[in-house]
1. Which of (1) within 14 Å of another protein chain (Cβ to nearest Cβ); (2) under 27 Å from B:M77 (Cβ atoms); (3) at pLDDT below 90 is the odd one out, the single condition B:F114 does not satisfy?
2. Here are the criteria: (1) under 17 Å from B:D535 (Cβ atoms); (2) assigned to a helix (DSSP H, G or I); (3) in contact (Cβ under 8 Å) with a residue 60 or more places away in the chain. Tell me which single one B:V425 does not satisfy.
3. Only residues that are assigned to a loop (DSSP other than H, G, I, E, B), within 13 Å of chain B (Cβ to nearest Cβ) and modelled with pLDDT of 90 or more: list them for segment A:312-349, please.
4. Hey, any hits in segment B:157-164 for a residue that's more than 14 Å from chain A (Cβ to nearest Cβ), among the charged types (D, E, K, R) and in contact with a Lys or Arg (Cβ under 7 Å, 6 or more places away or on another chain)?
5. Just wondering, is there one or more residues in segment B:480-487 that are farther than 16 Å from B:G547 by Cβ, buried (at least 21 other Cβ atoms within 10 Å of the Cβ) and of a type outside the set (V, I, T)?
6. Would you check if B:G326 is in a loop (DSSP other than H, G, I, E, B) and free of Cβ contacts under 8 Å to residues at least 40 places away in the same chain?
7. Given the residues B:G525, B:G549, B:G531, which is the only one that is in contact with a Gly (Cβ under 6 Å, 6 or more places away or on another chain) and either closer than 22 Å to B:M347 by Cβ or surrounded by 14 or more Cβ atoms within 10 Å (Cβ to Cβ) (or both)?
8. Please specify each residue of segment B:320-352 satisfying the condition of being over 21 Å from B:G299 (Cα atoms) and not aliphatic (A, V, I, L, M).
Amino acid sequence: MRRAPFALAALALVAPGWAALGPRYGGDLTVAAVGPLPRLATATPDSAAGRLLTSLTQASLVGLGLDGLPVPALARSWTSAAGGREWILALDEEARFHDEVKVTAADAVRSLQTFLARASPSARALAARLAADGVAAPDSGHVVLRLREPFAAPLAPLAGAWITGLAGAEAGPFIPTYEAPGSRVALTAFASHVRGRPYFDRVAVVASADEEHLRAGLATRESDVALNAPGVSALAGTLLLVLDPRQPVLADREARAAIVSALDVDAIVKRFLPGGVATRSLLPLAVAPSSGPAAPSTRPVSGVLALAVSSEVPALVSQRVVAHLDALGLHVTVRVLDPAAARCSDAAGRLIVFVPEVPEPTLTLRELALLAPQVAGAEEALAEAEREASGQQRRAALEKAAAALLQDKTLVPLAAVPLSAGVRPGIEGVRIDAGGRVVLEDAWAVP
Amino acid sequence: MKIRLRARLLLAFVLVAVPPVAALALLEGTRVSRAYQATAVTRLESALATTRERIERLAARAEARVTTIATLELPAMAGSEGDPALAESLGARHDLAVLEFVDARGLVLSSRHFPAGSGLPDHDGRFPGNDTFRIERAAGGYAVAERLALEASHPALLRHERVTVRGGSFLDGDTIGDLGLAAQASVALYDAVRRRWTAPPDSPLASWSPGDLDAVSAGETLLAGRPYRWAASPLCPSLFAVAAVPRSDLDRVLGAVRRDTLAISALALLFALAAATFVSQRLARPIHDVATGAERVAGGDLAASVPVATSDEIGDLARAFNAMTGELRVSRARLIQAERVAAWREMARRLAHELKNPIFPIQVSLDTLRRALERDPQGFATLFRETSATILEELATLRRIVDDFSDFARMPQPLLAATDLNAVVERALALHRDRAGPVTIATSLAPGLGPLQADRDLLSRALGNLVANAIEAMPGGGTLRVRTRAEPEAQVVEVQDTGPGLSEEQRTRLFTPYYTTKKGGTGLGLAIVQGIVSDHGGRIEVRSEPGAGTVFAVTLPAAK
């Protein structure tokens, strides 16, 4: 009995020591997310679970760093020619698909052509600037992009393009082995991943009934990581109110302006968004200038406002926004939808956590412009921003484009929102990238 | 319309049996309805009283706990600055679903039921002249809900700042859902200012739009398509507790009473029918037997009798009937005997009369011959020739009389065959045309009469008798008209003379056998005619006035 205190003391000293010894291979990781999981085949980056599943299973030619610049992925390096109109990407010779077939330039070209046919913002941005034979494979190890004219960040759209093999095999860090639609996805580590084998042997993504169960599961170690729970985080999302000017109650720009000024964003962030940063800009914080509060408006707005709220928005934030709109004279009816449905809802108002498909400023603004179409002057400002390559002019052009989008009072940014994941003690290396994805390929468990 | 005795008896029994049962059902229905009304009022009063008691208890509880928080808890919390979870922790500790702290400017410092409203002005809905009930803005998922709350408030100091502590509980469907259980009533609260119900989700009251509850506090109405009795009691100005009980309970009981009444009525009706059938059989059958017997007697069957089954009045009737038919049988036997004797006497009289006429001349002739033989033998031969002629003539008369009687006695049955009436008329006229003498014969025979089913010889004999009578009726001459014509389903032949006609008495006795107006007639000719016509299914009529001639019309059925 006398030895017990000594043993516990020794264990307390040794445990941190294990972590200090560095990553270890092996072990299983369970990730929980609220609500039904998206299907693997159709997962999109609109929700935290969708972003997680794509980052676990898919791989692109390039990734994006926290600074928005491309980083190697399946492509090891790249060079430009013809004054920035031609980009040659060299594939990593070690790149393999899940079926152990080598990733070739032909696979990349075919996947890119599939990607360019999609309606995603980054695909449309790239497709608009590619020459007639814009994507080519001169040999099995190189992919060539030919542009009609040079533009800023030409490789950024590639971060949203998943490369798949001829047989449909993917190239992400984990191989999906089992899917119970909506409730569970099991994956196993891909030993031949281009950046090396992940540390965990297996990852399971499971659906949790609600936030309470999610947190309880983390506390009882039923799960190791809980999406959207407090823990590791990155300010990768934007709390965004989208007002549809086609709806009668919001047709008047002054009415929309009154709504913007009625929202006490600072109080919302201070009281209900821990870790968030109040913002009035559409640009990422690293790019956005500081902005003051909106000019107060005393104009009353009356009518019924149907508001679609993404389930990723904290309930208290939604209640507070509704309270502000109520105080303005609006009768607000709320409908809670999953993130993807809320984003494309036809409700008069949409309160969503916006996470760009590709976290590059120009592409982000392009994607936002799709939420508020037909804003006067926005397209010209965006085109100008895409043409500018140098730092200062490009930043000014981006600010101009963002200002043009904001001027219509259709897009109302409220706060930079931390996208987070709760991680139980003993799990190391979990991080969230600039795109809001929970990255698990570098995670490991302390023995 | 003839209603038989049995039907009348059945109707009488039904009329006797059903009205008392119907009256009983009506009485019971009225009693049940009154009892329900009284019970419904009691249930409504009980539900409303329970509601008031519950609300008073909740108010007292809120008062006590808010006072504790304001006077004991908050002063002890000095130092913890700006704690948004203050209301949550104190509310949880004191089990107050509604708890908020409002500063002197009217801003919500902390709220348990609407954390998202912290820092915002307190915009809760009020009821005129009342602070206990409020419409609180509360968290409702991702939206803001407005919920009826019962609260107490108390001033307090929070970190040296004057605040108002307001706390209590929500009055929602869950809180009031069980209030009417004991009284089996639906209970809900009605906000007359906002025209809004606070009611359990399935409450029928939730869809009702009541009128001015200050003016009318009870009544009946349709809720969700069903009749309800309701009563309202004000909790504060513009807020009412309303209770309702379905009339379907009464309808159910009344329905059961109606069903039972119908069943009992049906049983009573069946019983009445059975009893009526039994009694009517006992009563009507002997009467029916007597009636049948009477019909048989009327048809000539005097052997009819009815059974005597009872010793009551019906039995007396049957016995009287049987006695009557017995008397009738005896009387008829006597009558037949008397008629037979009378007929023989008449026959003897007629025969004696008829025979006497020729016998007397024969007797006189023979006496004359005998005296002549004794007195004048020389002239006897001459006298014998004359007298024997007279005797032969009278003997011929005797023979004719005997033949007529023989014919009448041996009238044959007609042998029916297709016969042309006009041809029969022509034949009869041809036999008598030579004996017409000064009588002119005129015929008017309708063409295309079609055949009759008749015995040609018998019919010819009958017509011949009529023609002969007519000729004999006009010894000084006249006109004999014979006409034929068709009538519906019959053919008619008329024989008309222009003779002296018949008196009323003669016309009445014309067809009586042995009645004659002619010297030397037997009185059997027209009787034979009537017999032949009758055997053919026809009829003979006579029209005559003294001095205006006579018409005999024979109507015979046409062949089918």
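1. Every condition holds for B:F114 apart from (3).
2. B:V425 satisfies every listed condition except (1).
3. Across segment A:312-349, the qualifying residues are A:V313, A:P314, A:A347.
4. no
5. Scanning segment B:480-487 turns up at least one residue that is farther than 16 Å from B:G547 by Cβ, buried (at least 21 other Cβ atoms within 10 Å of the Cβ) and of a type outside the set (V, I, T).
6. No; evaluated as a whole, the condition is false for this residue.
7. Matching residue, one of B:G525, B:G549, B:G531: B:G549.
8. Those that are over 21 Å from B:G299 (Cα atoms) and not aliphatic (A, V, I, L, M): B:R340, B:W344, B:R345, B:E346, B:R349, B:R350.
The values are calculated or read from the model by the stated rules, or taken from the named source; none is laboratory data. As the structure is a computational prediction, the values presented were derived from the model and not from experiment. Ideal geometry is used to build each Cβ from the backbone, glycine not excepted, and the neighbour counts take in all protein chains shown.
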